[in-house]
Every structure is written in C-alpha cells, then in structure tokens.
Amino acid sequence: MKRILSRRAFLQGSAAAAAGGLLVSKTVRLEAQPFPRAVAPSDRVRFGMIGIGMQGSGLLAGAITIPGVECVGAADLYDGRHTLAKEITGNPSLPASRHYQELLDRKDIDCIVAAVPDHWHRRVVVDACNAGKDIYCEKPMSHNVADGLAMVEAAHKNNRIVQIGSQRVSSVLCAKARELYAALAPAERATPVVTAPRTPGARTIGPPRISRRWSNTISPPFSVVSTTPV
C-alpha cells in the first residue's frame, strides 16, 4: 500500500533532521586531563571508606582507580558490605569494622570518603574534622541548616578540607555551558543541555534544546521551569 506523506509529517521530519545536524555541528567536546602515570610515595593518599552501600560502593570503585590513591579501611553496619569492600578493592585482608571511629583513630589514614544517610552527615563530618582527617561527603551536605553550620565550623576550627559531592554542578561541564550561554544574544537563550556520555575521556555540551511537550519558555540557565503542557 502506498503511503501518503502529509505536509505536516514532511515538515516535522525535516525539522528533526535539521535539529540533528545542528546538534552535531554545535557540539563542544571537552577532553579530560590524563591522570599522572606515576605518583611519588610522599604524595600517595590513603583513605578510609565509611558506608559501602549503593552510592558508597560506586565511590570506592572509582576512587581506587586514581593513581596514588589507596583504600586502607572500611566501615559499615552490615557485615556483607565488609565483604563487598574487600571484593571491590581486591584486598581480602582489608580492615573492616562496624565502627567508623576506628578509621578516624588510625594515624595511617589521610582522609575519609563517606556515603552515609543524610542525617548522619553532620556527625561523621564533625568527627572526621575533629580527628584531623579531611573528608569527602556525599550530597546533600546536611539534613538541616543547623547541621550544615556545625560542619562548616568544624572544618574551619580544625583547618580541614571538606568536600561535598556536588561535582556535577561544579564541574567543567557546567562551567563551559555557562560560558557558552553567556555568549548568546538574549533572544537566542534557552535551557542548555549538558550531557556526560559513557565514552571514556569525553564530555559533551549540546546546543539549547526545548522539549516539544512543553511551552517555549525562555528561562535562566540551570533553573527548573514549571510550564503547562501544550
């Protein structure tokens, strides 16, 4: 049966093809900086992992791929996650405990990576700072404002580095997207699309895009826009 192509279908197909070409032509590729091939013994970082659940296990697996970084201890309330930490690190002798304070007491541990429930962030971060350990803690920073203030105070008091897992919005991807957005004329601005493809070492920033399901609202960058479906 011969298919009749309506004018509407033709225009929609042409627009989609043109948009695809625009996406390819205006894509900006950011090459990741290579890791150093060798790390001096004095620059090696030995960390303790607190929380080896869904997020923590991913952090642990990623951290140990960085040259010069070594996990030397883990803490979790569940014994099965002790086994998981040993499997991820490939170290059946990895010290593991239900008590994270044991990691903080160790002099051979430089810093802590923590992936614990939100209401535990304050206690773990404050304890780590008081123990003289730098710490990376998953987002959100705190369960409430008072917890956040206590964490900041502990970091300043002990002169510690505290990093919160908001690397997605503070990454080179969003910085580049902001730069591209600022260079556009006001009439050309829409919500930027920032993607991180699975290709190793590649990061992509596409041109502004608005879903056909939503109205063509011009919005500030990186904001959440509530519109009425059309």
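Rule-based calculations on the coordinates, nothing more; no lab input. Just so you know, these numbers come straight off a predicted model, no measurement behind them. Note: ideal-geometry Cβ built from the backbone for every residue, glycine included; neighbour counts use all protein chains shown.
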Taking the C-alpha atoms of segment 62-135, convex hull volume expressed per residue in Å³
95 Å³
1/(1 + (r/R0)^6) with r = Cβ-Cβ of Ala185 and Ala40, R0 = 35 Å, i.e. FRET efficiency to nearest 0.05, evaluates to 0.10
Plugging the Cβ-Cβ distance of His143 and Arg106 into 1/(1 + (r/R0)^6) at R0 = 35 Å yields, to the nearest 0.05, a FRET efficiency of 0.85
Once you have the Cα-Cα distance between Tyr78 and Asn158, take 0.36 nm times their residue separation minus that, and quote the gain in nm to one decimal.
25.7 nm
Below 8 Å between Cα atoms, with a sequence gap of 6+, how large is the relative contact order for segment 43-164 in percent?
23 percent
Kindly state, to the nearest 0.05, the FRET efficiency for Ser93 paired with Met54, given R0 = 25 Å and r defined as their beta-carbon distance.
0.50
Separation of the Ala150 and Arg178 label points, Cα + 7 Å toward Cβ, nm:
3.1 nm
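Take Arg168, Arg122 and order them by how many other Cβ atoms sit within 10 Å, fewest up front. Let's see the in-between values first.
Details: Arg168 11, Arg122 21.
Final ranking by Cβ density, sparse to dense: Arg168, Arg122.
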Cα centroid distance between segment 99-126 and segment 58-94, in Å?
14 Å
